[in-house]
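The structure under discussion is supplied below as structure tokens; questions concerning it will follow.
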Amino acid sequence: MSLRNSDQSWGTVAKTLHWFIAVMILGMFVLGWAAVNYPMSPLKLRLFIWHKTLGISLLALVLFRIAWRLANPTPVPPSGMRRWERPLARASHVLLYVVMLAMPLSGWVIHSAANFPLKLYGLVLLPSIAPADKALQTQAELVHLTLFWIFVALLLLHVGAALHHHFVYRDDTLTRMLPARSKAAGGTRA
Amino acid sequence: MRLPKQSAILPLLALCAGDLEGAQWNVDHERSKLGFIASYDGVGFETVFRRFTASIRFDAQHTGDALFDVRVDVDSVDSNSADRDDGMRGEEWFSTARFPSADFVSTAVRQTGASMFQLDGRLTIKGVTRDVTLPFFWNQDRDRARMQANTVLRRTDYAIGTGEWATDPIIGFDVEVFVELHLLAETSR
Ligand code: HEM
Ligand code: HEM
């Protein structure tokens, strides 16, 4: 079991980041949706505060994840993949990283343009990255929402592909990403 | 016998003229600011009222004659956030459709220090009238003056933030009101 990736397996750090971030993002979808739809009240403001606080934390985590990704070997794709599938898999992964960055960044722009203050975890004041401007706010909201739907579409593809590998190709794409496999990391391919 | 009489009247006349000319003040709106600092989740945000009128009669030597009458157009609320401003205009907050103005009328003024005074008056916000005491600083240079005052009000005293907001601290209960007026003496003719 290794913290780092090898060219055959995902290390513990990459796996932990993948699943931790995945859960957080699903949580963010729920929080964002709830915050937008809840009637105006102190709870609505708190949903937004948590949505934003966790969203900015996610941004930091994703940046770390990308740095880790670049500093590690990437396991080679399973041998059973069709020729056309590899660039598609690669492109979808790149796009997932792009939306994982663009989503919190666009949220940060909404937040700045709307000019609400935010103290992360009640401690650090989040700086503004855009001027207070209602028109910009509306545009950023549209971007944030559009990115959300792109994200959902990408995830359907992503999860669909993972399940396809597992149940149709019966390769180890999914299992080598699962935590249980870390004990036998770097081991045999199915 | 005539000389002393004259010498007594002249300064009195001068004083009267001074009263008429120097005691009434107009607000230089370009430079003046009236608003408050409230807090959102513990972080302060500044809000100003873009429109207000003030009728001010004040002479530091004759505080007994002073009168401050200020009317604020609450709808002109501006916290540099369109969403928040709209929120503040709503029923639960300033309810500007029903209560378009906030008013302050002084009842007494007295001096408390070299440039410090105290203003008693009646403040009406959202239809709720309360007696308030406002310490202020007055700095005058002939026909120009600067008045500065700060005080802390409790928003719930004026029904600002009703329903859940009345008991929830996410929008802080204490609101720091600030007034900074740059004044020009009204010149007769
Ligand atoms: C991975 C990170 C994020 C995800 C997945 C995410 C997701 C969402 C979703 C699903 C919505 C509801 C969209 C709607 O119904 O209109 C939303 C709304 C919102 N999010 Fe995020 N968000 C993220 C990060 C952030 C960050 C970091 C901020 C601010 C610092 C933020 C601020 C907002 C705001 C202000 C809204 C309301 C927009 C509106 O009223 O239309 N989000 N977000
Ligand atoms: C919000 C949710 C998710 C996000 C953002 C996400 C993102 C990613 C990204 C960016 C990669 C590429 C890693 C790299 O090449 O550096 C990846 C790999 C992977 N993901 Fe996800 N993922 C999510 C959820 C899931 C779920 C629910 C599953 C399983 C059903 C899954 C299964 C996999 C697998 C098996 C891989 C490994 C692919 C390979 O070895 O080439 N992911 N994920």
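What number goes with the only condition from (1) away from ligand 1 (no atom under 14 Å from the Cβ); (2) open to solvent by less than 40 Å² (accessible area, probe 1.4 Å); (3) within 14 Å of another protein chain (Cβ to nearest Cβ) that A:Glu85 does not pass?
With respect to (1) away from ligand 1 (no atom under 14 Å from the Cβ); (2) open to solvent by less than 40 Å² (accessible area, probe 1.4 Å); (3) within 14 Å of another protein chain (Cβ to nearest Cβ), A:Glu85 is out only on (3).
If you don't mind, there's one more thing I want to ask. All but one of (1) farther than 18 Å from A:Trp10 by Cα; (2) open to solvent by 50 Å² or more (accessible area, probe 1.4 Å) hold for A:Gly160; which doesn't?
Failed condition: (2).
Can you tell me which residue is nearest to ligand 2 (Cβ to nearest atom) among those in the range A:105-114 that are in contact (Cβ under 8 Å) with a residue 40 or more places away in the chain and over 16 Å from A:Val36 (Cβ atoms)?
Filtering first and then ranking leaves A:Leu105.
Do we find that A:Ala153 is loosely packed, with under 14 Cβ neighbours inside 10 Å and not β-branched (Val, Ile, Thr) in this structure?
Yes: the conditions hold for A:Ala153.
Sticking with this one: When both residues are 6+ apart or on different chains and their Cβ atoms are under 6 Å apart, which pairs have a first residue that lies in the range A:143-154 and is over 12 Å from A:Met100 (Cα atoms), and a second that is within 10 Å of ligand 1 (Cβ to nearest atom)?
A:Val143/A:Ser106
Out of the residues in the range A:42-76 that are in contact (Cβ under 8 Å) with a residue 40 or more places away in the chain and more than 16 Å from ligand 1 (Cβ to nearest atom), state the one that is farthest from the other protein chains (Cβ to nearest Cβ).
Ranking the qualifying residues of the range A:42-76, first place goes to A:Val76.
The values are calculated or read from the model by the stated rules, or taken from the named source; none is laboratory data. Keep in mind that what you see is a predicted model, and the values were worked out from it rather than measured. A quick note on method: Cβ atoms are made from the backbone with ideal geometry, for glycine too, and the neighbour counts reach across all protein chains shown. With ligands, DNA and RNA removed, areas are computed over all heavy atoms of the protein, side chains included. Shrake-Rupley method; radii C 1.70, N 1.55, O 1.52, S 1.80 Å.
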